[in-house]
Number of protein chains: 2
Amino acid sequence: MSEMTILTVEEATSLSLDVLRHNGYSLAHAEAITRSVVAAQRDECHSHGLYRLIGCVETARNAGVDTQALPVLHDQSPGVVRVDAQRGCSLLAFETGLPTLIEKARRHGLAAMAINRCFHFSALWPEVEAISSQGLVGIAMTPTHPFVAPAGGTRPLLGTNPLAFSWPRPQGMPYTFDFATSEVARGEIELHRRAGKSIPAHWAMDGEGNPTTDPAAALTGAMRTFGGHKGSALSTMIGLLAGPLIGDVLGHETAPANAEGTGKPFHGELVIALSPQAFLGSEAEHHLRHAETLFDEILDQGARLPSQRRFEARERTRRDGMRLPKGLVDELKELMR
Amino acid sequence: MSEMTILTVEEATSLSLDVLRHNGYSLAHAEAITRSVVAAQRDECHSHGLYRLIGCVETARNAGVDTQALPVLHDQSPGVVRVDAQRGCSLLAFETGLPTLIEKARRHGLAAMAINRCFHFSALWPEVEAISSQGLVGIAMTPTHPFVAPAGGTRPLLGTNPLAFSWPRPQGMPYTFDFATSEVARGEIELHRRAGKSIPAHWAMDGEGNPTTDPAAALTGAMRTFGGHKGSALSTMIGLLAGPLIGDVLGHETAPANAEGTGKPFHGELVIALSPQAFLGSEAEHHLRHAETLFDEILDQGARLPSQRRFEARERTRRDGMRLPKGLVDELKELMR
């Protein structure tokens, strides 16, 4: 067990801002990135937490991302706002477009935000929860990275294409999910390789398209979507909506742009907001309360709601602070030398 | 092998209209239902084809559905049209709202149609294809019937909650899928029971929530969603969007309303249309052409597109007419006595 250290949310925020500022990120980008990684760390989503700052710095240092980019907002149509991230990080583009998205959804019933040409590394649930926290329903999707074969295929083509959804609840936490449409996270296969363990045969295929239990062969082969041909269809839908529909690239075009693999994949993200008030007028409150019976019935069966563990972690952090490997904190401090 | 008979599309249309009119459906309802079942039969989707007329007649005879209902259109907000089916069949409500949905999507970028209080028996792909045939992207979902347990649960709660999607292609057929979020169709389990065959253990659970290979136990127990907790999350999203968001019932409330099981479940349907032209302006054509590279890559791997078999059947029907069991045609003719 590695040595752990405790940070308060304020200390983690301050560390993140310092690391990003020291490595050239503008204050606006540093703040947007910090909000996302600190939220993930607070919820004990380590893989999207402070650890991601290492990748952000690496990307800044090899000039794969524009650390100063100013997102440009286009009011495309009554229901659509487009934000050109200008090869900067997606998170500032999202924050730039969010007020317009919310306003459009409230006025029209539903609205879409297309984020284009962004460097994207973050979880989607903080974004859909930014929408549900304002009483709207949020949906988000993005098309990277092309590690996944379509059902019946043999080669990487589709992204791991995550889908996130958040439903506002009258009391307490929203109903939120955020999942990759690959059978498992790529990191899971990498962990098995490091540990010298075999993987279940339905996770991936080798370079010839045959099922494999060898994680190394899987990593040079192709991952499968979850749920067979249905998951593959869903993943294809996400690739189309968060790609050509918003004038951006397809999943298999999001691979690093240069031969050294250092250039970042710039691509798009689609965010949709729906307003129960605009759909239902004065009946909205009644129907949002009624939706609670579904959650009650799920819990009553002994099943869990998707983000329950994360919300419990959030409570724990509020009480006890964040537990981080001391090695990670040291590594982040190294990045300021 | 049962004796087969060949009908032209015109003969099938005429038979369907006669059966429905004889059993009390208004001309408008009879025509809307006929368009749907004939389209399904043409594509050799037998389970949503002319066979469904038997259920339509049964429902009309036991007064579960209003065969004369006139759908009422509410222009709810700039992006939302609501159609109250008034306890009539969903299909006429869909056709009533479609022009408004398309017009709103073209103007705003995206729009939603909420169909409320409808009797629903049809496949969703004819509806999303009605949208993609006009150059827009179509998405549809509906929350029946409550046969499915949430992941980690033990009892029926979620509907089989189908999701359909259709993407317009510059040439030829659209990219369309339409799948239930249950692991398999309920009919598949029923077929196994009739054939005295066992079912795979991951399809369903018995009344105690244990995995079962006995189809009879599965039918009185609960089906599973496809894709484990991810499929369950997706199904829950569909239940919320095509339920409380549109002011209609949840999946578990769509069970037959009376003790005899004859009263029909009236519920809602959500249809969303997105306009590439409104998202992209003059760039739309370029990006729709670019999307073709994804389909080319899928086919190039030897994988199939979701509706390929159906489109091949459509060609076959165009050439050779519809092959139907003679017994079914006789049964339909009986319904006119």
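So which residue of A has the beta-carbon closest to the axis that swings A onto B, and how many whole Å away?
Rotation axis A onto B, closest Cβ, rounded to whole Å: A:Gly227, 1.
Below 8 Å between Cα atoms, with a sequence gap of 6+, how large is the relative contact order for chain B in percent?
21
Quick one: putting +1 on the C-beta of Lys and Arg, -1 on the C-beta of Asp and Glu, what dipole do you get for the protein assembly as shown around its Cα centre, in Debye to the nearest 20?
My answer is approximately 80 debye.
Where both residues lie in the protein assembly as shown, what percent of DSSP beta bridges are antiparallel, nearest 5?
Looking only at bridges with both residues in the protein assembly as shown, the antiparallel portion is about 80 percent.
Fewest Cβ neighbours within 10 Å first, please rank A:Phe121, A:Phe311 accordingly.
Final ranking by Cβ density, sparse to dense: A:Phe311, A:Phe121.
Under the classification rounded if a/c is under 1.5, otherwise prolate if a/b is larger than b/c and oblate if not, where does chain B fall, given a ≥ b ≥ c as square roots of the Cα gyration tensor eigenvalues?
Because its axes are fairly even, with a/c under 1.5, chain B counts as rounded.
Taking the stretch A:185-220, which GluC sites (Glu not before Pro) meet the DSSP loop condition and have no more than 12 other C-beta atoms within 10 Å?
Here the GluC sites (Glu not before Pro) that fit, given the DSSP loop and packing criteria, are A:Glu208.
How large is the dipole of chain B about the Cα centre if only Lys and Arg carry +1 and Asp and Glu carry -1, each at its Cβ, rounded to the nearest 20 debye?
Using only the charged Cβ atoms, the result is roughly 160 debye.
Cα centroids of the stretch B:265-337 and the stretch A:1-50: how far apart, whole angstrom?
One Cα centre to the other: 47 Å.
With label points built 7 Å along Cα→Cβ from the Cα atoms of A:Ser2 and B:Arg61, find their separation and express it in nm.
About 7.1 nm, to one decimal.
If you average 1/r over all unlike Cα pairs in the stretch A:129-281 and invert the result, what Kirkwood radius do you get in angstrom?
Kirkwood radius, the stretch A:129-281: 16.6 Å.
Express in nm, to one decimal, how much length is gained between A:Thr220 and A:Glu10 on full extension, taking 0.36 nm for each residue of separation and deducting their alpha carbon distance.
Gain in length upon complete extension: 71.5 nm.
With the calculation restricted to Cα positions, what are the radius of gyration and Dmax of the stretch A:162-243 in angstrom?
Cα radius of gyration and Dmax of the stretch A:162-243 are 15.6, 51 Å respectively.
When a/c is below 1.5 the answer is rounded, else prolate if a/b is larger than b/c, else oblate, so apply that to the stretch B:198-256 with a ≥ b ≥ c taken from the square roots of the Cα gyration tensor eigenvalues.
oblate
In nm, one decimal, shortest first: how far is the label point of A:Asp296 (7 Å from Cα along Cα to beta carbon) from the matching points in the other copies?
The answer, with the shortest distance listed first, is 5.6 nm.
Give me B:Ser36, A:Ser90, A:Ser2 ranked fewest to most by other Cβ atoms within 10 Å of their Cβ, as a rough exposure proxy.
A:Ser2, B:Ser36, A:Ser90
Rounded to two decimals, what is Rg over Rh for the stretch A:1-142 when you use alpha-carbon atoms and the Kirkwood radius?
Expressed as Rg/Rh, it is 1.00.
Please sort by residue number the GluC sites (Glu not before Pro) in the stretch A:1-84 whose DSSP state is loop and whose Cβ has at most 15 other Cβ atoms within 10 Å.
When the GluC sites (Glu not before Pro) of the stretch A:1-84 are filtered for loop state and at most 15 Cβ neighbours within 10 Å, A:Glu3 remain.
For the stretch A:1-115, what is the percent of antiparallel DSSP beta bridges, rounded to the nearest 5?
The antiparallel fraction comes to roughly 55 percent.
Give the Rg (one decimal place) followed by the Dmax (whole number) of the protein assembly as shown, computed from C-alpha coordinates and expressed in Å.
25.5, 90
GluC sites (Glu not before Pro) within the stretch B:218-324: which are DSSP loop residues with at most 10 other Cβ atoms inside 10 Å?
Here the sparse-neighbourhood loop sites are B:Glu260.
Across 5 Å bins from 0, what is the distribution of all Cα-Cα pair distances for the stretch B:199-316, in whole percents?
Using 5 Å bins, I get a P(r) of 2, 9, 9, 9, 14, 17, 16, 11, 7, 5, 2, 0 for the stretch B:199-316.
How long are the semi-axes of the equivalent ellipsoid of the stretch A:185-231, taking √(5λ) for every eigenvalue λ of the Cα gyration tensor, in whole Å from largest down?
17, 12, 8
So the label point sits 7 Å from Cα along the Cα-to-Cβ vector; using that for A:Glu190, what distances do you get to the other copies, in nanometres, sorted shortest first?
Those separations, rounded to one decimal, come out as 4.9 nm.
Using only Cα atoms, what is the ratio of the radius of gyration of the stretch A:59-161 to 2.2 N^0.38 Å?
1.20
Roughly how many Å is it from the Cα centre of the stretch A:201-260 to that of the stretch A:89-128, as a whole number?
Cα centres, the stretch A:201-260 to the stretch A:89-128: 25 Å.
Give the nm distances, rounded to one decimal, from B:Gly55 to the matching residue in every other copy, measuring between label points 7 Å along Cα toward the beta carbon; shortest first.
Here B:Gly55 shows inter-copy label distances of 4.5 nm.
Taking A:Lys104 as the anchor, which lysines have their alpha carbon closer than 16 Å to its alpha carbon, excluding any fewer than eight residues away along the same chain?
Hits, sequence-local ones excluded: B:Lys104.
With charges only on Cβ, +1 for K and R and -1 for D and E, what is the dipole size of the stretch B:1-67 about its Cα centre, in debye, rounded to 20?
Charge dipole of the stretch B:1-67: 180 debye, to the nearest 20.
For a quick check: sort A:Arg319, A:Arg314 by the number of other beta carbons within 10 angstrom, fewest at the front.
A:Arg319, A:Arg314
Laboratory data are not the source of any read-out in this text; all were calculated from the coordinates shown. As the structure is a prediction and not an experimental result, all values here were calculated from the model. All Cβ positions, even for glycine, are placed from backbone atoms using ideal geometry, and neighbour counts span all protein chains on display.
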